[in-house]
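Here's the structure, in structure tokens; my notes come after.
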Amino acid sequence: MIAADIWLRGGSLVHSGKSIEQKDLLIKDHRILQILDPRDRHLVQAKTMIDLTGRYVMPGLVNTHTHLFQTLFKGLGRDLNLLDWLAASVRPNAPKLTRQDCYYAALLGGMDLAMSGGTTVMDFMYANEHKDSVLGTIDALQDLGLRSVIGRGFIDVTLPDENHNRLVETPEEVLYQVDQLKAYTRAMRRVDIGIAGSVFWAISEEGFEAIRDYANAQDVVVALHASETVDDNEDSIKRFGLRMFPYLEKIGFLKEWLTAVHCVTLDEADMELIASHGVKVSYNPVSNLILGSGIPPMEALRKRGVHIGLGTDGAASNDSQDMLETMKLGALLQKGINEDPTVFSADEVYRMATLGGASCCGLNGQVGLLKEGYLADLMVYNPHRIKSAPVYNPVTSLVYASDANNVEMVLVDGEVIYRDGRFTHVNQEDVLLWIEEIQRKFIVS
Ligand SMILES: [Zn+2]
């Protein structure tokens with residue numbers, strides 16, 4: 001007999017648009033135990049059987065960049081450039097955030113993500129005036145059931161801005177907090193802690209060196225907003241006499257633990273440095289367009305073999321956490337600027353949203369494939385929906401013709417966290433009521 005926890009029976013397993021098999025999938029102890037030939041069903045003894053006849057089973061999506069606390073600032077500062085947007089949305093409001101606010105913000109954003117097929121999120125939490133705010137984010141993701149990497153924000157440069165300066169800490173303080181968070185989450189199977197290096201111009205040389213030394217010594221991933229606008233290179237040339245990526249190479253900061261977020265204003269030399277040092281890149285097409293930052297050269301990076309993951313960015317510069325929208329827009333932009341419809345194919349962009357994301361999150365070999373031994377982080381796709389029908393190729397339909405109605409079920413770590421429009425552990429009506437209460441305290445200019 002084969003003893004399983006969950007038996008996903010009768011669906012089609014989607015490995016890629018060209019590789020689909022009519023097989024069952026068995027889950028045990030959080031992982032994919034076996035891909036089962038239907039002829040062997042008589043051998044299975046499962047605690048739970050879920051009939052997925054007519055459905056597709058696919059690896060869940062990985063959101064490599066967001067700021068879940070910003071879910072509370074959705075729509076604020078719209079139609080402004082990056083620095084003006086910061087001044088109108090995040091900067092005046094982030095210092096007001098409490099642990100409870102961050103909890104409900106992360107629940108709301110996490111639910112939005114899961115409903116678009118998301119199973120993992122790499123959060124970039126830099127609103128740390130109250131040291132326990134990040135615990136709200138962690139607790140929410142733990143309660144909801146998503147897998148997460150929580151990047152603890154790192155800001156050690158003061159600026160002529162009182163709200164910014166309230167978030168400034170010394171490198172020692174931040175790394176102490178990272179250690180504390182690692183201890184707090186040690187027993188949480190689905191939560192890892194990383195470092196979120198805010199923006200280039202908010203970190204000192206000593207700060208970069210402290211992050212570098214910590215990441216080289218410990219098993220953490222590091223995310224850094226990088227070349228989102230020309231400001232990063234201008235600041236780097238002013239402070240260090242080099243563009244940002246050459247400077248980061250010089251101090252030994254370009255490593256495989258680094259995910260460079262955005263990468264809009266790269267030149268050829270920057271791209272060579274990213275590729276040759278194995279730096280990962282997070283592509284956030286919706287945010288780049290909302291802030292008018294530009295269209296990043298992702299096809300040029302992909303051609304160089306760079307691991308690219310997809311991200312939504314925070315809701316303050318996206319308005320949603322929708323990974324389906326991100327995949328479609330991300331693919332279309334690269335086709336458009338390259339004047340080539342063959343680039344960023346549906347299979348390619350789906351691979352970025354799964355395996356590419358896993359690579360950014362330090363989860364290589366753990367999530368992103370329907371393979372025995374991998375963690376059971378899955379979505380169940382229902383093709384019988386107005387937006388998608390008729391479905392000939394589920395990956396093409398997922399990328400170009402789907403919305404949350406197609407995502408029928410989400411499993412993380414071998415547990416159903418969402419099914420038929422309801423979350424297993426969270427009451428969505430309660431969350432919406434809390435959000436309406438919380439939103440009253442924020443400044444809307
Ligand atoms: Zn961001």
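The set of residues from the stretch 160-176 being of a type in the set (D, E, K, R) and in contact (Cβ under 8 Å) with a residue 12 or more places away in the chain comprises 161, 166, 169, 172. Selection of the stretch 235-290 for residues being away from the ligand (no atom under 16 Å from the Cβ) and of a type in the set (Ser, Thr, Tyr) yields 236, 247, 276.
This table checks each residue for (1) in contact with a helix residue (DSSP H, G or I) (Cβ under 7 Å, 6 or more places away or on another chain); (2) more than 16 Å from the ligand (Cβ to nearest atom); (3) modelled with pLDDT of 95 or more.
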{"residue": "183", "(1), (2), (3)": "no, yes, yes"}
{"residue": "203", "(1), (2), (3)": "no, no, yes"}
{"residue": "207", "(1), (2), (3)": "yes, yes, yes"}
{"residue": "229", "(1), (2), (3)": "yes, no, no"}
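Do we have residue 152 as among the charged types (D, E, K, R), more than 16 Å from the ligand (Cβ to nearest atom) and farther than 28 Å from residue 294 by Cβ here? Criteria not met by residue 152. For the residues 27, 35, 20, the requirement of being part of a strand (DSSP E or B), away from the ligand (no atom under 16 Å from the Cβ) and either touching a Lys or Arg at 6+ places or on another chain (Cβ under 7 Å) or in the same structural domain as residue 280 (by TED's automatic domain parsing) (or both) singles out 35. Every listed requirement among (1) at negative phi; (2) within 16 Å of the ligand (Cβ to nearest atom) is met by residue 409 save one, (2).
For (1) in contact with a helix residue (DSSP H, G or I) (Cβ under 7 Å, 6 or more places away or on another chain); (2) surrounded by fewer than 17 Cβ atoms within 10 Å (Cβ to Cβ), each residue gets a yes or a no:
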residue: 302; (1), (2): no, no
residue: 312; (1), (2): yes, no
residue: 326; (1), (2): yes, no
residue: 332; (1), (2): no, yes
residue: 342; (1), (2): no, yes
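Scanning the stretch 147-190 for residues that are of a type in the set (A, V, I, L, M) and within 23 Å of residue 255 (Cβ to Cβ) turns up 149, 150, 155, 157, 174, 175, 178, 181.
Restricting attention to the stretch 201-224, which residues are under 20 Å from the mean Cα position of the chain (by Cα) and either more than 23 Å from residue 367 (Cβ to Cβ) or not assigned by TED's automatic domain parsing to the domain that holds residue 146 (or both)? Answer for the stretch 201-224, where residues must be under 20 Å from the mean Cα position of the chain (by Cα) and either more than 23 Å from residue 367 (Cβ to Cβ) or not assigned by TED's automatic domain parsing to the domain that holds residue 146 (or both): there is none. Quick check on residue 159: is it away from the ligand (no atom under 16 Å from the Cβ), assigned to a helix (DSSP H, G or I) and aliphatic (A, V, I, L, M)? When the stated conditions are applied, residue 159 does not pass them.
Figure legend. Inter-residue proximity from the stretch 132-143: first residues assigned by TED's automatic domain parsing to the domain that holds residue 104 and within 11 Å of residue 110 (Cβ to Cβ), second residues of a type outside the set (S, T, N, Q) and surrounded by fewer than 19 Cβ atoms within 10 Å (Cβ to Cβ), beta-carbon distance below 6 Å, spacing 6+ or different chains. Indicated pairs: 142/188; 143/425. Output yes when any residue across the stretch 299-309 is assigned by TED's automatic domain parsing to the domain that holds residue 149, within 15 Å of the ligand (Cβ to nearest atom) and either under 24 Å from residue 67 (Cα atoms) or modelled with pLDDT under 95 (or both), and no when none is. Within the stretch 299-309, one or more residues are assigned by TED's automatic domain parsing to the domain that holds residue 149, within 15 Å of the ligand (Cβ to nearest atom) and either under 24 Å from residue 67 (Cα atoms) or modelled with pLDDT under 95 (or both). When residue 111 is tested against (1) within 16 Å of the ligand (Cβ to nearest atom); (2) within 14 Å of the chain's Cα centre (by Cα); (3) surrounded by fewer than 24 Cβ atoms within 10 Å (Cβ to Cβ), only condition (1) is not met. Residue 82 passes every criterion in (1) farther than 28 Å from residue 139 by Cβ; (2) more than 16 Å from the ligand (Cβ to nearest atom); (3) in contact with a Ser or Thr (Cβ under 7 Å, 6 or more places away or on another chain) apart from (2). Of the residues making up the stretch 396-429, just one is out of contact with any strand residue (DSSP E or B) (no Cβ under 8 Å at 6 or more places or on another chain) and of a type in the set (Phe, Trp, Tyr), namely 400. Exactly one residue out of 322, 313 is within 13 Å of the chain's Cα centre (by Cα) and more than 13 Å from the ligand (Cβ to nearest atom), and it is 322.
Taking (1) within 19 Å of the chain's Cα centre (by Cα); (2) at pLDDT 95 or above in turn, residue 179 satisfies each apart from (1). For the stretch 358-402, the candidate set comprises residues that are touching a residue at least 24 places away in the same chain (Cβ under 8 Å) and aromatic (Phe, Trp, Tyr); within that set, the residue that is farthest from residue 27 (Cα to Cα) is 400.
The values are calculated or read from the model by the stated rules, or taken from the named source; none is laboratory data. Note that this is a predicted model, so its numbers are computed, not measured. Neighbour counts run over all protein chains shown; Cβ positions are idealised from the backbone, glycine included.
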